[in-house]
Amino acid sequence: MEIKNLCCAITGAGSGLGKQMALDFAGLGAKVYAIDINEDNLKKLQDQSDGKIKYHIGNVCDEENIKNVFENIAKENGSLDVLINNAGITKDGLLIKVKDDKIETMSLDSFQRVIDVNLTGVFLCSREAAKIMQPKKQGVIINISSVSRAGNMGQTNYSAAKAGVDAMTVTWSKELARYNIRCAAIAPGYIATEMVKAINPAILEKIVSKVPLRRLGEMSEISRTAQFIIENDFVNGKILEIDGGLRI
Ligand SMILES: NC(=O)c1ccc[n+]([C@@H]2O[C@H](COP(=O)([O-])OP(=O)(O)OC[C@H]3O[C@@H](n4cnc5c(N)ncnc54)[C@H](O)[C@@H]3O)[C@@H](O)[C@H]2O)c1
């Protein structure tokens, strides 16, 4: 599918990778709907795109809210061709940590909140999007996973969510193919978003030293991968690792 004129919904588009994809896709002539909980950032994005990017305030883990958001997109546009499940959060911590002879633990709240946004949110948005895509017999769902999907120190919650996202990707690539809806994922390594660039330089240097290419990825490198998945109609059920060769 050529990206021009496609209707693309991108969750978590208020900042970072989602914002980059929204601006890039709008620049390529797609009709972009940005979905985020941060209204200020959504407004700024709309202004930055000279009004080309439309937005809906939406919390990916709130079922009623997300149903309404996708129903409104379908009403406004008549269809939806692409969903990018990009919204994500981290709440890092060790499962248990011994400090001064006391044991600290990852709280259930930290675990559950990351699962809610990063896993349940992907389920809800994909379900609502697939309902809209099915009658048209055309669609692509792209899930943003992570190199942490393999299991990363301090990320019990995040790694579990991203591994689950990968499993849903493969499941949907099988279930939805009959409706000509493809599903694939991108597992980025460390990407130079504002947040990553703000990490303490000493820690950042340590991170980069583990990447065979000895640099952070560029946001545009993830955006171009999403474009590739959309435009190559034979990509289905795969997790594309865009990480400079990093193995955690
Ligand atoms: N930045 C990296 O190096 C990196 C690496 C691997 C994977 N990822 C993944 O890429 C995606 C984007 O990451 P980023 O670094 O751009 O993050 P970011 O924090 O810059 O952006 C995430 C966006 O999601 C929004 N969001 C959070 N909770 C939400 C909710 N419940 N509903 C709707 N929107 C919500 C935030 O408001 C924010 O705008 C995430 O899924 C993340 O796990 C990022």
Looking at the range 28-60 only, could you name the residues that are surrounded by 19 or more Cβ atoms within 10 Å (Cβ to Cβ), among the β-branched types (Val, Ile, Thr) and not in a loop (DSSP other than H, G, I, E, B)?
Val32, Ile35
So, first residue over 19 Å from Ala87 (Cβ atoms) in the range 101-113, second residue in a helix (DSSP H, G or I) and at pLDDT below 95, Cβ within less than 9 Å, six or more apart or across chains; the pairs are none
Of all residues in the range 230-243 being crowded, with 17+ Cβ neighbours inside 10 Å and out of contact with any Asp or Glu (no Cβ under 9 Å at 6 or more places or on another chain), the one that is nearest to Val170 (Cα to Cα)
Asn236
If you check every pair at least six apart or on different chains, which have Cβ atoms under 6 Å apart with a residue in the range 16-34 that is away from the ligand (no atom under 13 Å from the Cβ) first and a residue that is hydrophobic (A, V, I, L, M, F, W, C) and in a loop (DSSP other than H, G, I, E, B) second?
Ala26/Ile53; Leu28/Ile3; Ala30/Ile3; Ala30/Leu6; Val32/Ile53
Name the residues in the range 90-114 that are more than 22 Å from Val147 (Cα to Cα) and of a type in the set (A, V, I, L, M, F, W, C), would you?
Ile96, Val98, Ile103, Leu108
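Would you check if Glu221 is more than 15 Å from the ligand (Cβ to nearest atom) and among the charged types (D, E, K, R)?
Values: more than 15 Å from the ligand (Cβ to nearest atom): no; among the charged types (D, E, K, R): yes.
Judged against the criteria, Glu221 is not a match.
Given the options Asn118, Asn157, Asn72, name the one that is more than 10 Å from the ligand (Cβ to nearest atom), touching a Ser or Thr at 6+ places or on another chain (Cβ under 9 Å) and in a helix (DSSP H, G or I). Before you say what the answer is, go through the steps one by one.
Numbers: Asn118 fails: more than 10 Å from the ligand (Cβ to nearest atom); Asn72 fails: touching a Ser or Thr at 6+ places or on another chain (Cβ under 9 Å).
Asn157 is the lone residue from the list that is more than 10 Å from the ligand (Cβ to nearest atom), touching a Ser or Thr at 6+ places or on another chain (Cβ under 9 Å) and in a helix (DSSP H, G or I).
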Filter the range 4-15 for residues that are surrounded by 18 or more Cβ atoms within 10 Å (Cβ to Cβ) and more than 15 Å from the chain's Cα centre (by Cα); which is nearest to the ligand (Cβ to nearest atom)?
Cys7
Just give me the residues in the range 130-146 being near the ligand (Cβ under 9 Å from one of its atoms) and in contact with a Leu (Cβ under 8 Å, 6 or more places away or on another chain), in sequence order.
Ile144
Can you confirm whether Asn152 is among the polar types (S, T, N, Q) and assigned to a strand (DSSP E or B)?
no
Could you tell me which of the residues Arg178, Arg149, Arg113, Arg127 is surrounded by fewer than 20 Cβ atoms within 10 Å (Cβ to Cβ), within 11 Å of the ligand (Cβ to nearest atom) and among the basic types (Lys, Arg)?
Arg113
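The values are calculated or read from the model by the stated rules, or taken from the named source; none is laboratory data. Quick caveat, the model's predicted, so the values are computed rather than measured. FYI the Cβ positions are ideal-geometry reconstructions off the backbone, even for glycines, and counts take in every protein chain you see.
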